[in-house]
Structures are given as structure tokens and as C-alpha cells.
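The values are calculated or read from the model by the stated rules, or taken from the named source; none is laboratory data. Every value quoted in this text rests on a predicted model; they were computed, and no experiment measured them. Positions of Cβ are backbone-derived with ideal geometry, glycine not excepted, and every protein chain shown enters the neighbour counts. Heads up: the accessible areas ignore ligands, DNA and RNA and are worked out on the full protein's heavy atoms, side chains in. Shrake-Rupley method; radii C 1.70, N 1.55, O 1.52, S 1.80 Å.
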Amino acid sequence: MKILINDLVTEYKDEGNGLVLLMLHGWWRDISDFDGITEILKNSYRIVRVNLPGFGGAQRPQKTWNLNDYVDFVKNFIEKLEINPNVLIGHSFGGRIIIKGIGESKLRAEKIILISAAGVKMNVFRKMVFQFLAKIGDIVSYIPPLIFIRRKLKNKFYKIIGSDYLESGNMKEIFKAVVEENLTIFAKQIKKETLLIWGDKDIQTPLKDGKLLHSLIQNSKIEIIENTGHFVCLEEPQKVANLIKDFVR
């Protein structure tokens, strides 16, 4: 279904009945990431998923949005649908929106679930290492015959070191504006019962980030799914769905 929010056309899905679970996807992803767990959960809950501006079937913002703009978008989406989410579920960037929105009391829910959530700012040393590796990768990609597949090599390299920057396309400036914000201060403000779900092999948002958020959010617990990476919903949908069920009821 299509809907107009903040003068931008986006798409959303609304399936099932019962307690309302609102799901927010990650950066450069879309609502299809939740297909697997939705199929399992929709017989017990009402699952609402929305494509965030710039991704999936949603229009791209014309100006450079920051995280507050995305929080406001979700808030207005909730109001327009006239729903009161019982649970907010966010993967990666979606988790970043929830941390900021709940921490500032702009978003409301009885419980929240953060899946491989972003929000912990990369430390200076790790950032310098990534930037150095990125430069090395950029230089190497100019060596014949690698120059002919340079773009693919760079995309692959940035994936390996855990950066979404090159995948951002026209959203690069928004990406930079969003990731610069350290949300640990807002995590400390969260009082809602919180479940964190993490893959132990996650590169993009390492497990140590999840453990830090767990230590900052008072009423929280963390569940670690072994041998999974950043996309635990895709890798182990049944395990993720079971954790959600146990937490929600």
C-alpha cells in the first residue's frame, strides 16, 4: 500500500491481527528483510512495516535529512495510520531511529526490540583503520586489469570492512549526517523493557556495540544468535521470531 508522509510517497504493509508490532528496516534495505519473520508472526500479531524515505518504494528526501527527520517521519506515519504500536522493532538503522525516538520521548511503545542496532559511534582508532584500508583498496583498484572492475571491487571492499557508504548513492550526504550522531546518551534515557538481538559474527554493528547498548539501557536483555552476521532476520528468521514471541507475551 502507498501513503503520503511528510510530502513523500512511501509503501507499507499491514498484516495480521492482535498486538501491533511496527518494524523499521536498516540502511539501504527495505521491508522485505522482515518477510521471513512476518510470515511466522502475522498469525499472532498485527505486523506493520514501512519503507523509510530513500529506500524500497519510498521517495528520496529532496534535502539532506538527519536522524531527527526520520524520527519525525515515523511519528507522523504512526499518527496517520492511527495506530498505537505495542512493540517497536528496528534492525540496524531502524534501531537507530528507535533509540533516538524513544530516548527523546517522540516515539511511544510498551516494549522495544533492537536487532543489530546502529547508534554506537565508531571509535577514532577503528575509524582511522577503516579509512586507511579504504584508501588502500581504492589505490589497488586502479591497478590494471582491476581498473575495469573498479566499482565492483570498491563495493565489495566496503562491505568487507562494514561500511554502507558506497551503497548510499544519492543518499551519501544523509548517511554522513546520520552516522555522525552518537546515540549512547539517548540509550541511557530508555526506560522501556528492551530486547536486543545480535549475531555474534556481525561486522557492521559488532557484538560489543550490542553489549554496550545493553549496559546503557536499564531494563534490557540481550540474546546472541551464534554463527550469524548483521542480517539475523534473514539468516535465522525462526530463531528471531521465537525470541520476539517470548519477549512480547
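Of the numbered conditions (1) within 26 Å of residue 195 (Cβ to Cβ); (2) open to solvent by 10 Å² or more (accessible area, probe 1.4 Å), residue 80 fails exactly one; give the number of that condition.
Unmet condition: (1).
Show me the strands (runs of 3 or more DSSP E) found entirely inside the range 1-115 where at least 2 residues are farther than 23 Å from residue 200 by Cα and touching a residue at least 60 places away in the same chain (Cβ under 8 Å).
Numbers: elements: 2-5, 8-15, 20-24, 46-50, 87-91, 111-115.
It comes to 2-5, 8-15, 20-24.
Conditions: (1) crowded, with 22+ Cβ neighbours inside 10 Å; (2) at pLDDT 95 or above. Residue 106 meets all but one. Number of the miss?
(1)
Is it true that residue 64 is under 18 Å from residue 244 (Cβ atoms) and of a type in the set (Ser, Thr, Tyr)?
Numbers: under 18 Å from residue 244 (Cβ atoms): no; of a type in the set (Ser, Thr, Tyr): yes.
When the stated conditions are applied, residue 64 does not pass them.
Can you confirm whether residue 75 is of a type in the set (Lys, Arg), modelled with pLDDT of 95 or more and within 23 Å of residue 232 (Cα to Cα)?
No: the conditions fail for residue 75.
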